[in-house]
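These notes concern the structure reproduced below.
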Amino acid sequence: MFLAVFPESEVLSLSFSACAIAAASWGRIYTFLMASEAVPVSSDAHPVNTDLIRISNGSFEWAKKDDPPAPAADENAEKPKSFIHDINMSIKKGSLTAIIGPVGCGKSSLFSAVLGEMNCVSGKVKCIRALT
């Protein structure tokens with residue numbers, strides 16, 4: 001009933017609320033604008049020409065090293081080959097690299113190999129892991 005008699009009071013209360021929200025927002029913006037500059041991250045740890053990821057003659061498989069080998073049906077049967085093999089690549093810091101290919105060609109498996117989720121059968125994998 002009070003609002004029916006004095007409709008201006010509703011506008012006044014909404015105005016006070018909006019002013020309080022605006023003041024709080026301005027305080028956060030002011031604090032941000034007056035803050036000191038962030039210290040840039042030193043690039044001395046990983047110079048620009050450093051390989052962040054390098055695979056040399058890498059061959060990878062999904063089978064675990066602890067798994068016993070599957071019995072061969074024939075003595076002359078070939079040993080199972082690695083899932084992806086003969087991988088040579090290097091990715092430098094700051095470079096843009098695209099891994100492209102048709103469905104099922106091993107793009108995701110390559111990433112799994114770099115992450116250490118596949119067993120490295122042969123070759124070397126070097127991956128510099130950043131803290132940030």
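Structural remarks
- Peptides 103-112, 21-30 ordered by packing proxy, namely the average of other Cβ atoms within 10 Å per residue, highest first: 103-112, 21-30.
- Per-residue Cβ neighbour counts within 10 Å put Met34, Met118, Met89 in the sequence Met34, Met89, Met118, beginning with the fewest.
- With neighbours defined as other Cβ atoms within 10 Å of a residue's Cβ, the residues Phe83, Phe16 order from fewest to most as Phe16, Phe83.
- Amide H contacts of Thr50: Lys93, each under 5 Å away and 5 or more positions distant or on a separate chain (H built 1.01 Å from N in the peptide plane; Pro and chain starts excluded).
- A cut-off under 12 angstrom between Cβ atoms defines the neighbours of Gly58, and their net charge, with Lys, Arg +1 and Asp, Glu -1, is +1.
Just so you know, all these numbers are worked out from the coordinates, no wet-lab data involved. Computed from a predicted model, the values in this text were never measured in an experiment. With ideal geometry, Cβ positions are generated from the backbone for all residues, glycine too; neighbour counts draw on all protein chains shown.
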